[in-house]
Amino acid sequence: MVTAIFNIDRMEKTLMSTITKKSLDGLSVPTVLCIGVHDATSHTIGSVVNISINQKLGCRTHPVITSVCTGQNEINLPTSVISCQLQPLRQMLIDSINIDAVGCVESVEEIREFLRNLDSKKSPVVLNLNNEARLNDDVLQATIDSILPFCSVVIITHDVIKCLRSNEQQSMQNVASKLLTMGPEAIVVQDENGQRYVVINDNNERSQSSYSLLPTRSHNSYTEDLSAAIAAFLAHGNLTLSTAIAYGDSYSTARELHQLPDVRILPYTFVQEMWSFVDDIHKRILTLPFINKMLDSTLNERIHDYYIIQDYYFFLDRGYMLNGLVNHCIHDTEVLEFLKTQLEKNKKYINTILVDNNLPPCDENTIEKMPACVYYTRMMRELGEHRGILATIAGLVGLLPCTLIYAKVGDWMIESGIRPTIKRYADFIDAYYDQARHDRLAHFIELINRLANNCSHEQKLKLKEIFRQICEYEYAFWDDAYQYGMHY
């Protein structure tokens, strides 16, 4: 018996204005771990759906493949392969988990063990139990016994409900209520007409025995889009379970955010994707002696002088690169103006950097480039010599790490609350209080995202490789400055 239309409390809607709290810096986005089938032949099931929906809902996808569909066949991967995919994730920050029906009992047990070890982290888990052929009786029972207790939301179709009935007279409501006693906080049922119902466990005995009708109706039999959308909304961390379910239901039917006026989510951008690709480098940079000793004022100023000289060499070659990009720029007025502005700022920096640090004029005949500076500037000069649309985008991507990583380091220093006692170290931090600097970086990022929208998947992979390589050079630059600077 349906007792009410499922609705979001009016107060819960106010949460939507803060849904992007985890990505206020414009780079960090929630990660959804998606476990299930990979089917490149279909856009309605598997990892393809997860990646698409997560991207539109502002999340990063980390897929774990349990089986592969090739035409009419589905091949279950060995548990050893699944284990190898899951093992590194035990230390990874996961914001939500979306699990599709798994094809064999051994895979179910492998996933159960993984969830058991993650239980203390309380990442919300969404389980999709649909009517796929891979969900035979043994696998279904193993899933109910082993995975259900870890779930926040379970989505189940009428076909699966029939398999779980103890007798033909048992209603879908009774089956759902029974499943709710096994651990999940909510059960969503989709009937044969595509209508969806939800029952939520709020520790109220009455709510556990009554359905609420979700306001939309699915136009197909698939529930993968629903589970993906709910998992994405939960990953943002600022929504109640009922809100995530309601918006997941609406989005999975409409597939357009503009039809959900209360939702404030930006899609996962290319720069965010690149940043997630270098998260390990960023973390390593924050452990470098140069950075930490500058923050606590124990960095020898002679080492800092050496760093400034290397920075001077770097900006000389950066100017060469910018000149090349300006001369070969595509017919894009906004990009050209940005590059010209960068070139002028670069010239001013070259003219003042040594004087501002009380250093005499120098060149490579008196002080050699350190290895990191040699490799870094060589790559930058090469990027400035290429022509064409992709060359311009590659040049912008090559310029980004210097600006972006410095900003991230500056923000990290500000957040530490430590104020260096050496003036020029304190000045470095103070520069990152400047809102105009953050605005310029935001414009730079928007520019790259706009241009990358027209790039192919293969071109984006190449750009990500360039970005990562230059981020490695950023790490090496600071490291070399410290190591070689000790002998300056």
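Each value in this text was obtained by applying a stated rule to the coordinates, not by laboratory testing. Just so it is clear, the model here is predicted, and its values are computed rather than measured. Backbone-built Cβ (ideal geometry, glycine too); neighbour counts: all protein chains shown.
Looking at the chain only, what percent of DSSP beta bridges run antiparallel? Nearest 5 please.
Details: 12 of 40 bridges.
Just about 30 percent of them are antiparallel.
Set the Förster distance to 41 Å, then compute FRET efficiency between Ile75 and Arg468 from the Cβ-Cβ distance, nearest 0.05. The partial results should precede the final answer.
Numbers: r = 32 Å, r/R0 = 0.78.
The calculated FRET efficiency here is 0.80.
Only helical DSSP H runs with n ≥ 4 go in: add -39500 (n - 2.57) per run for the chain, normalise by residue count and round the 222 nm mean residue ellipticity to 500 deg cm²/dmol. Numbers along the way, then the final one.
Values: 19 runs with 259 residues, N = 488.
-17000 deg cm²/dmol, from helical runs alone.
Report, by chain and number, residues whose modeled amide H sits under 5 Å from the one on Leu57, excluding near sequence neighbours (fewer than 5 apart, same chain).
Those qualifying (amide H under 5 Å, at least 5 residues apart or on another chain) are Tyr268.
Which helices, taking whole DSSP H runs in the chain, have alpha carbons extending 24 angstrom or more along the helix axis plus mean Kyte-Doolittle at least 0.5?
389-416
In percent, how large is the relative contact order of the chain, given Cα pairs closer than 8 Å and 6 or more residues apart? Kindly include the intermediate steps, with their values, before the conclusion.
Values: 755 pairs, mean separation 75.8, N = 488.
About 16 percent, as a whole number.
Order by neighbour count: Asp95, Asp137, Asp434, fewest other Cβ atoms within 10 Å first, most last.
Details: Asp95 21, Asp137 8, Asp434 11.
In increasing order of surrounding Cβ atoms, one gets Asp137, Asp434, Asp95.
Hey, can you grab everything whose amide H is under 5 Å from the amide H of Leu214? Only 5+ residues off in sequence or another chain; H modelled, so Pro and N-termini drop out.
The list, which skips near neighbours in sequence, is Phe6, Arg196, Tyr197, Val198.
Using amide H atoms built in the peptide plane, which far-off residues or other-chain residues are under 5 Å from Asn98 H to H?
Distant-sequence amide H within range of Asn98: Leu33, Cys34, Ile35, Val126.
If each residue's Cβ is checked for other Cβ atoms within 10 Å, how do Leu461, Leu288, Leu451 rank with the fewest at the top? Please report the intermediate quantities before stating the final value.
Numbers: Leu461 10, Leu288 16, Leu451 21.
Ranked by crowding around the Cβ, least crowded first: Leu461, Leu288, Leu451.
Can you give the charge dipole size of region 297-419 about its Cα centre, rounded to the nearest 20 debye, using +1 on the beta carbon of Lys and Arg and -1 on the beta carbon of Asp and Glu?
On the way: 12 positive and 16 negative charges, 12 e Å.
Roughly 60 debye, rounded to the nearest 20.
Where nothing but the Cβ of Lys and Arg (+1) and of Asp and Glu (-1) is charged, how large is the charge dipole of region 270-486 around its Cα centre, in debye to the nearest 20?
Values: 24 positive and 31 negative charges, 28 e Å.
Around 140 debye, computed over region 270-486.
Filter the GluC sites (Glu not before Pro) in region 56-122 to those in DSSP coil with at most 10 other Cβ atoms within 10 Å of their Cβ, and list the result. Display every interim value, and only then the final one.
Values: sites: Glu74, Glu106, Glu109, Glu110, Glu113; in loops: none.
Passing sites in region 56-122 do not exist.
Please state the charge dipole magnitude for the chain, taken about the Cα centre, from unit charges on C-beta atoms (+1 on K and R, -1 on D and E), reported in debye and rounded to the nearest 20. Intermediate results must be reported in sequence, preceding the final value.
Numbers: 44 positive and 59 negative charges, 156 e Å.
Dipole of the chain, to the nearest 20 debye: 740 debye.
Which of Leu404, Phe277, Leu339 sits closest to the plus end of the dipole of the chain, meaning its Cα is farthest towards the positive end, when Lys and Arg get +1 and Asp and Glu get -1 on the C-beta?
Result: Leu339.
Taking other Cβ within 10 Å of each residue's Cβ, how do Ser456, Ser52 sort, fewest first? Don't skip to the answer; put the middle values down first.
On the way: Ser456 9, Ser52 15.
Exposure proxy ranking, most exposed first: Ser456, Ser52.
List the aspartates and glutamates whose Cα sits under 13 Å from the Cα of Lys464, skipping any in the same chain fewer than 8 residues away.
Glu273, Asp279, Glu472
At what distance in angstrom do the alpha carbon centres of region 132-200 and region 350-372 lie from each other?
Computed from Cα coordinates, the inter-centre distance equals 69 Å.
What range in the chain is the longest one free of trypsin sites (Lys or Arg not before Pro) that are in a loop by DSSP and have at most 10 other Cβ atoms within 10 angstrom?
Values: sites that count: Lys122, Arg206.
The segment 207-488 is the longest one with no such site.
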